[in-house]
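All remarks here apply to the structure that follows.
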Amino acid sequence: MRSYWWKDIVIYSMYVDQFADNFPRMTEKLDYLHRLGVDCIHLLPFYPSPRIDDGYDVSDYRGIREDLGTLEDFSRFMASAHQKEIRVIIDLVLNHTSTEHPWFLEAKSSLDNSKRNFYLWSKDGKEYAEASNPFFELKPSNWIHNAVTGDYYFSTFYPEQADLNWNNPQVFSEMTRVIDFWTGLGVDGFRLDAAAHVIKKEGTRSVDLDETHAVLKKIRAYLNEHHPMVILLGEASGKDPVTTLKKYFGDGDECHLLYLFPLVGRLFLALERNEPSVIDEVVKESKSIPLNAQWVTLLRHHDEMPIASLSKEEQSELLDRFDPEEKYRFNLGVSLRLSTIFNGSKQKILDAFQLLFSVPGSPLIYYGDEIGMKNETLSPGEKDTRRSIRGKFNWDEADAQMADPNSLFNGIANLIKTRRQSRGSEAA
């Protein structure tokens, strides 16, 4: 079990530009993360992108956004992180590319282009009528018109994100080249964005399909053969119960890590009701997973709070308490930072992390929550409320808190230290 480095890590998730401006400065800030007690960083998308979806619309899978630095800067960052015994996971956006990606620019140019079959097309946009449309507030249909060829391409999320056709073996081949590229630069793992959506099938919601699991098994088999210590962190649906999520571990031959999304809402119910037992059922359900697998537990991350697995009454309880003016609703959840939820209460935030760290798994900290960052003010007319939780990291506040032994930062650092010591004594 000790060889499974991902089984007992503390993950810190951040945007490079929002946390440290660029990769050279990111390298300089590693001491901060080391002091906090982090041993794995999840870098949210840093690829070249039009940034319609804050980088999840990738236009080049093997590049660095110009404002963030160069590949040489990235390599130096990786070397420094590894020197400090900090692993690095990056996003691998499997489901879609930007409509500015060279593959799509070719594919949309003519009906007989060689890249045409990299994407999903329809003459009238009537196929996959039952497929999930997570961004129903932003687009009425998953089919988007292409004026050049007079037909439609499929898009699960933003219209500027065209879904890849994973029934085309060339897509798999291209993605393995991407994996090889970044592992060659030292990357320790890949977060599989929107993993539950990669295959579309007529007459289904095109989520959690057996064919999707077959794709993930194929990617895992490739890693096992070529990069055996590199891991996959899967993002499945926030609506799924634990029993469905477990399938993404396979028999230890799919994802190494998975977000335990059903726990999130229960953690907040437990805190609001002062009833820790509220989480017991989910914790019990989460047991019995493959030996080489682990859950990622979390309070918040870069997306809306995943509470769709709660009952309607429980959802209303949290939404009415945390967002009574409905300012931050998105999809079926709400976009809120911890300090906004708890009105800046240091003790309540510490209580939340203490409860999180008490649950088996590898906990994730979303950047800024350890210093009490709150939601940003949204631009007028902005419908994607997730942007309110993706603000600039406050280094003045961070420096002040590091110097204050009674600060939120040091309180969380102490919780991590205590957690690590207790885990170490258990393993001894």
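Per-peptide packing, taken as the mean over residues of other Cβ atoms within 10 Å, places 371-377, 273-279 in the sequence 371-377, 273-279 from highest down. Given in Å, the Rg to one decimal and the Dmax to the nearest whole number for the Cα atoms of the chain are 21.0, 65.
Per-residue extension of 0.36 nm, minus the Cα-Cα distance of residue 127 and residue 244, leaves a gain of 39.6 nm for this segment. Using a probe of 1.4 angstrom, how much of the accessible area of the chain is carbon and sulfur, in percent? For the chain, the apolar C and S fraction of the accessible surface comes to 48 percent. On a per residue basis, the convex hull of the C-alpha atoms belonging to segment 135-195 measures out at 126 Å³.
3J(HN,Hα) along segment 135-148: 9, 4, 6, 10, 8, x, 9, 7, 9, 10, 6, 10, 5, 5 Hz, from the Karplus curve 6.51 cos²θ - 1.76 cosθ + 1.60 with θ = phi - 60°, whole Hz, x for Gly and Pro. Were the residues from residue 423 through residue 383 laid out at 0.36 nm apart, the gain over their Cα-Cα distance would be 10.1 nm.
For residue 235, the residues 5 or more places off, or on other chains, whose built amide H falls under 5 Å of its own are 192, 194, 195. For segment 268-339, how big is Rg over Rh, using alpha carbon atoms and the Kirkwood form of Rh? With Rh from the inverse mean 1/r over Cα pairs, Rg/Rh is 1.00.
For segment 191-200, just list the computed ³J(HN,Hα) in residue order, Karplus coefficients 6.51, -1.76 and 1.60, θ = phi - 60°, integers in Hz, with x standing in for Gly and Pro. For segment 191-200, the Karplus-derived couplings read 8, 8, 5, 6, 4, 5, 9, 5, 10, 10 Hz, x marking Gly and Pro.
Multiplying the residue separation of residue 136 and residue 185 by 0.36 nm and removing their Cα-Cα distance gives an extension gain of 13.9 nm.
Summed over qualifying helices (DSSP H, 4 residues or more, each -39500 (n - 2.57)) and divided by its residue number, the chain shows a 222 nm mean residue ellipticity of -10500 deg cm²/dmol.
Taken per residue, the accessible surface of segment 94-133 reaches 49 Å², heavy atoms only and a 1.4 Å probe. Find the centroid of the Cα atoms in segment 102-172 and in segment 266-317, then give the distance between the two in whole Å. If we compute the Cα centre of each part, the gap is 34 Å.
Straight-line cross-link reach from residue 374 at under 17 Å between alpha-carbon atoms covers these lysines, not counting any fewer than eight positions away in the same chain: 327, 346, 348, 392. The Cα-based radius of gyration of segment 282-424, divided by its Kirkwood radius, gives an Rg/Rh of 0.98.
The shape of segment 133-277 comes out oblate: with a ≥ b ≥ c from the C-alpha gyration tensor, a/c is at least 1.5 while a/b does not beat b/c.
Listed peptides 224-236, 152-164, 321-333 appear in the order 152-164, 224-236, 321-333 once ranked by packing, highest mean of other Cβ atoms within 10 Å at the front.
The values are calculated or read from the model by the stated rules, or taken from the named source; none is laboratory data. On a predicted model such as this, the values are computed, not experimentally measured, just so you know. Every residue, glycine among them, receives a Cβ derived from its backbone with ideal geometry; neighbour counts consider all protein chains shown. Ligands, DNA and RNA are stripped out before the accessible areas are found, and what is left, the full protein with its side chains, is counted by its heavy atoms. Shrake-Rupley method; radii C 1.70, N 1.55, O 1.52, S 1.80 Å.
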